[in-house]
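Here the structure comes first, spelled out in structure tokens, and everything after it is commentary.
The values are calculated or read from the model by the stated rules, or taken from the named source; none is laboratory data. These figures come from a predicted structure and were not determined experimentally. Backbone-built Cβ (ideal geometry, glycine too); neighbour counts: all protein chains shown. For accessibility, only protein heavy atoms count, side chains too; no ligands or nucleic acids. Shrake-Rupley method; radii C 1.70, N 1.55, O 1.52, S 1.80 Å.
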Amino acid sequence: MPRVVRRERLVPNIHVLEVEAPEIARRCRPGQFVIVMPDARGERIPLTIADWDRDRGTVTAVFMAVGTTTRKLSLLSAGDTLPIFAGPLGSPSEIGPVGTVLCAGGCFGIAAIHPLARAFKEAGNRVIVLIDVKADYLLYWRDKLEALADEFIVSSRDGLYGGTEYVPRHVRDVLGREKIDRVVAVGCTYFMSSVAEATRPSGVKTMVSLNPIMVDGTGMCGACRVTVDGRTKFACVDGPDFDGHLVDWAELYARRKSYFDDEVRSLCAWEEERFP
Amino acid sequence: MSEQDAKDKISPALAAEVLAEFEKGWRKDLRRAMPVKERMKIGRRPMPQRAASERNKDFSEVNLGLTAEEAVEEARRCLDCAKPGCLAGCPVRIDIPSFVKLVEKGDFAAAAAKIREANSLPSICGRVCPQESQCEESCHLKKASGVAVAIGNLERFVSDTERLGGGAVLPHLPPPTGHRVAVVGAGPAGLTVAGEMARAGHRVTVFEALHDAGGVLVYGIPEFRLPKSILVAEVAYLERLGVEFRMNFIVGKTATIDDLRAEGYEAFFIGTGAGLPNFMKVPGENLVGVYSANEYLTRVNLMRAYDFPNYDTPVFPGRRAAVIGGGNVAMDSVRTAKRLGAEQALIIYRRSRTEMPARIEEVHHAEEEGIQFHFLTTPTRYIGDEHGRVKAMECLRMELGEPDASGRRRPVPVPGSEFMTEVDLVVVAIGQSPNPLIPQTTPGLSVGKWGTIDVDWATMATSLPGVYSGGDIVRGGATVILAMGDARTAAAAMDRRLKEGPAGPSSR
């Protein structure tokens, strides 16, 4: 079974997980994800691949501890094993020389945007990295991102980085001052839809990495269906990247919340069992 | 060779073997022990089953299985025909008369071994095969008296007896050939190929995308029809034969066929199934509470949502559940919904009862369990509430017109017959399409217009050398036993190729 090499808390509620998975490390490309299950009674969830080390044969993902599965993952230590760490799944992101690319990441997406920003940089683009955090102390991987970005912007709602604005304002500022050829956004659904709405008037192509509920992640179940340009797509095989201006966001919100009550019930049951 | 030609073919070697068994002394004695007239007077033993009102509340198995006395009595009904119809009706060509007569003789272990010569998964086939349209359909006793020998129930009895008695005895294995075989997909076809190739002395690795082996047997068919413990025992038997399983390995993603070839695998079997659920593309199909049958059954079976929150994966229980479709998957889904607490569980099927593709036993069981059938009805749209959750569906009445390509009468909409009905759970069980993962990532693999892999039906060889395929990825959506039949054909051809080399006279 895949062995955990590292599991650390980066900032409150956000953790990094590095797992020994040589086959995945060898083949994965930016934009792909893995399906992870924390234990034998667990649920399968998708996590975007945030980094990899082909020589050491490890794959890294960053996640936010929210529900039962991610809480379980947040308690792993180096040396533990995972019953499932499968991939690389989904189609890789479209990377190419397009000019200037604005890479926007929020929350766990700060990590997920990293391989995309790196790949766009390597493809010869000017790369602006825009990171959104709710508060200054939630910023992580600053060094990694700053090192590869031509310009690095932090959008925060308190203190150090100033301002009370959410990310759309920064997106509009960037679009207003220079020509942007591509926007990519990774984060929670609200973050991605906000970025897509901010770029819609300009028509700049905006790719988002959708995160619907998945079960198998290989196209077998259809749990992850999303409507894009009026047609049903399976995010796991047709995506996870889609044109943010064509996504039916309202449907995605509703489907993401499908099991809200059950998720709370599950978490309560697990907490009672684990911390009686 | 066409599919039909391959299906009709019984090899001369098999015919000679069956005849030799038929002419053995003990078989003659057994035939003489009871006259045909007496045999025909015995009534078919009904399958003992749990009461409908009890079983529709839990996931334990419905059928209880025959006792030894009942099995022997049932076996006596078999007339031991000189030209048995049953054998030709069996896609994997089990020597049915021989195993049935071994049951009559009371030698259950030998009966089990006889089945295993042709079938690696007997306890599964005894439960899920559509016997009524295969072996039992061709049974001469059926033609003579109207009621076939209960071959499926006997197969189940024999293999259950074997398992409860400590499991199958390992056959004598030939010395290892050193050849490496990669099987893609641990479903019924893949498991069959794995067993056959291991028995031929090859080193077999099965690559499976999910975390449990079995394919549709583990994610699709519910516990109440096929207990997981049975599948676990069959997989353990394959492991004892030396088969290696690599779970959570998605061929096409984790590694491609070409990667595996570079690693030293010489022969490949692609048994990745029909993994892509079809939807009707009617409005509202993406509302919360509308599932594909694959998702619904996977949540409940593979992920054990019926035991939520003890297991972490949830599923909607549904108060008024509608399942769209008339096949086995639809029956499994609707009976699952009933067990999860639906007050009303409905089948919505666009044709009539006679055209339903489900096994007769499953339809009977569903009726006994209180499932309501709505024939000649099809959904036209789903209506959601303010949270995007399904609350009703609009249906249209149908009537039967002229027969279509499948020979079944085509359903034609009755204009103006729309009506609305309240539902809070919908499961779409109208079929699956072939999984495109391997075709997309395997250059040179020839694929038909519906995404199925093209094969030569005589050998199940694909357009790529050393690569064979079978089951739903070739057929587009069939049965467990047809997949296993393909697997047997493929395994025989793969074995010849490995032993004689690609240039061998019969490798294709």
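Among residues that are under 30 Å from B:Gly166 (Cβ atoms) and open to solvent by less than 10 Å² (accessible area, probe 1.4 Å), B:Ser60 is not included.
Among the residues of segment B:468-494, those that are in contact with a helix residue (DSSP H, G or I) (Cβ under 7 Å, 6 or more places away or on another chain) and either under 15 Å from B:Arg180 (Cα atoms) or in a loop (DSSP other than H, G, I, E, B) (or both) comprise B:Tyr468, B:Gly470, B:Gly471, B:Ala478, B:Ala491, B:Met494.
Flag set for B:Asn63, criterion: in contact (Cβ under 8 Å) with a residue 40 or more places away in the chain and in contact with a Pro (Cβ under 9 Å, 6 or more places away or on another chain).
Scanning segment A:164-189 for residues that are open to solvent by 60 Å² or more (accessible area, probe 1.4 Å) and without any contact (Cβ under 8 Å) to a residue 60 or more places away in the chain turns up A:Thr164, A:Glu165, A:Arg169, A:Arg172, A:Asp173, A:Gly176, A:Arg177.
Which ones in segment B:267-284 are crowded, with 21+ Cβ neighbours inside 10 Å and either of a type in the set (Gly, Ala, Ser) or at the interface with chain A (Cβ under 10 Å from one of its Cβ atoms) (or both)? Steps first, please.
Taking segment B:267-284 and keeping what is crowded, with 21+ Cβ neighbours inside 10 Å, we get B:267-277.
Of everything in segment B:267-284, those that are crowded, with 21+ Cβ neighbours inside 10 Å and either of a type in the set (Gly, Ala, Ser) or at the interface with chain A (Cβ under 10 Å from one of its Cβ atoms) (or both) turn out to be B:Ala267, B:Gly271, B:Thr272, B:Gly273, B:Ala274, B:Gly275, B:Leu276, B:Pro277.
Pairing residues of segment A:71-86 that are among the aromatic types (Phe, Trp, Tyr) with residues that are modelled with pLDDT of 95 or more and open to solvent by less than 30 Å² (accessible area, probe 1.4 Å), at Cβ distances under 6 Å and at least 6 apart in sequence or on separate chains, gives A:Phe85/A:Val19; A:Phe85/A:Ala21; A:Phe85/A:Val34; A:Phe85/A:Val36. Please determine, by comparing only the residues of segment A:241-266 that are free of Cβ contacts under 8 Å to residues at least 60 places away in the same chain and at the interface with another protein chain (Cβ under 7 Å from one of its Cβ atoms), which one is farthest from the chain's Cα centre (by Cα). Once the filter is applied, the top-ranked residue is A:Arg265. Summed over segment A:84-139, the residues that are of a type in the set (Asp, Glu) and buried (at least 24 other Cβ atoms within 10 Å of the Cβ) give a count of 1.
Look at segment B:453-475: where a residue is among the basic types (Lys, Arg) and a partner is open to solvent by 30 Å² or more (accessible area, probe 1.4 Å), sitting 6+ places away or on another chain with Cβ atoms under 7 Å, you get B:Arg475/B:Leu482. Within segment B:440-469, the set of residues being crowded, with 20+ Cβ neighbours inside 10 Å and on the phi < 0 side of the Ramachandran plot comprises B:Thr442, B:Ile453, B:Val455, B:Thr459, B:Ala461, B:Thr462, B:Val467, B:Tyr468, B:Ser469. Checking every residue in segment A:43-52 against the condition of being modelled with pLDDT of 95 or more, surrounded by fewer than 21 Cβ atoms within 10 Å (Cβ to Cβ) and part of a loop (DSSP other than H, G, I, E, B) gives zero matches.
For segment B:395-427, name all the residues that are assigned to a strand (DSSP E or B) and buried (at least 17 other Cβ atoms within 10 Å of the Cβ). I'd like the intermediate steps shown before the answer.
Of all residues in segment B:395-427, those assigned to a strand (DSSP E or B) come to B:395-403, B:409-413, B:419-422, B:425-427.
Across segment B:395-427, the qualifying residues are B:Cys395, B:Leu396, B:Arg397, B:Met398, B:Leu400, B:Pro411, B:Leu425, B:Val426, B:Val427.
Scanning segment A:72-95 for residues that are assigned to a helix (DSSP H, G or I) and over 19 Å from A:Ile213 (Cβ atoms) returns a single hit, A:Ser74.
Mind telling me which of the residues B:Pro91, B:Pro84, B:Pro122 ends up being under 19 Å from the mean Cα position of the chain (by Cα), of a type outside the set (Gly, Ala, Ser) and open to solvent by 20 Å² or more (accessible area, probe 1.4 Å)? Break it down stepwise before answering.
Details: B:Pro84 fails: under 19 Å from the mean Cα position of the chain (by Cα); B:Pro122 fails: open to solvent by 20 Å² or more (accessible area, probe 1.4 Å).
Residue meeting the stated conditions: B:Pro91.
In this structure, is B:Val72 more than 30 Å from B:Ala478 (Cα to Cα) and in contact with a helix residue (DSSP H, G or I) (Cβ under 7 Å, 6 or more places away or on another chain)? Quick ask: steps written out before the conclusion?
Working: more than 30 Å from B:Ala478 (Cα to Cα): yes; in contact with a helix residue (DSSP H, G or I) (Cβ under 7 Å, 6 or more places away or on another chain): yes.
Spelling it out, B:Val72 is indeed more than 30 Å from B:Ala478 (Cα to Cα) and in contact with a helix residue (DSSP H, G or I) (Cβ under 7 Å, 6 or more places away or on another chain).
Checking each residue in segment B:156-173 for being of a type in the set (Gly, Ala, Ser) and either outside any loop (DSSP other than H, G, I, E, B) or in contact (Cβ under 8 Å) with a residue 40 or more places away in the chain (or both) picks out B:Ser159, B:Gly165, B:Gly167, B:Ala168. Suppose the filter is open to solvent by 10 Å² or more (accessible area, probe 1.4 Å) and either part of a loop (DSSP other than H, G, I, E, B) or more than 22 Å from A:Phe234 (Cβ to Cβ) (or both); does A:Thr218 pass it? Against the criterion (open to solvent by 10 Å² or more (accessible area, probe 1.4 Å) and either part of a loop (DSSP other than H, G, I, E, B) or more than 22 Å from A:Phe234 (Cβ to Cβ) (or both)), A:Thr218 qualifies.
Among the residues of segment B:321-333, those identified as away from chain A (no Cβ under 14 Å), assigned to a helix (DSSP H, G or I) and modelled with pLDDT of 95 or more are B:Ala330, B:Met331, B:Asp332. Within segment B:174-219, being open to solvent by less than 30 Å² (accessible area, probe 1.4 Å), in contact with a Phe, Trp or Tyr (Cβ under 6 Å, 6 or more places away or on another chain) and part of a strand (DSSP E or B) holds for B:Ala182, B:Val183, B:Val184, B:Val206, B:Phe207.
Residue-wise test of (1) at negative phi; (2) more than 14 Å from chain A (Cβ to nearest Cβ); (3) surrounded by 22 or more Cβ atoms within 10 Å (Cβ to Cβ); (4) under 23 Å from the mean Cα position of the chain (by Cα).
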| position | (1), (2), (3), (4) |
| --- | --- |
| B:Glu295 | yes, no, yes, yes |
| B:Thr298 | yes, no, yes, yes |
| B:Leu302 | yes, no, no, yes |
| B:Phe308 | yes, no, yes, no |
| B:Phe316 | yes, no, yes, no |
| B:Arg319 | yes, yes, no, no |
| B:Leu340 | yes, no, no, no |
| B:Val363 | yes, yes, no, yes |
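Just so you know, in segment A:229-240 the residues that are closer than 17 Å to B:Leu287 by Cα and open to solvent by less than 30 Å² (accessible area, probe 1.4 Å) include one that is nearest to the chain's Cα centre (by Cα), and it is A:Ala235.
Only a single criterion out of (1) surrounded by 22 or more Cβ atoms within 10 Å (Cβ to Cβ); (2) under 29 Å from B:Ala461 (Cβ atoms); (3) in contact with a Lys or Arg (Cβ under 7 Å, 6 or more places away or on another chain) is not satisfied by B:Leu226, namely (2). Screening A:Thr69 on (1) within 14 Å of chain B (Cβ to nearest Cβ); (2) at pLDDT 95 or above; (3) outside any helix (DSSP H, G or I) shows it passes everything except condition (3). Within the set B:Leu276, B:Leu302, B:Leu287, the sole residue that is out of contact with any strand residue (DSSP E or B) (no Cβ under 8 Å at 6 or more places or on another chain) and in contact (Cβ under 8 Å) with a residue 60 or more places away in the chain turns out to be B:Leu302. In segment B:232-266, of all residues being part of a strand (DSSP E or B) and either within 14 Å of another protein chain (Cβ to nearest Cβ) or more than 19 Å from B:Ala189 (Cα to Cα) (or both), the one that is farthest from the chain's Cα centre (by Cα) corresponds to B:Ala255.
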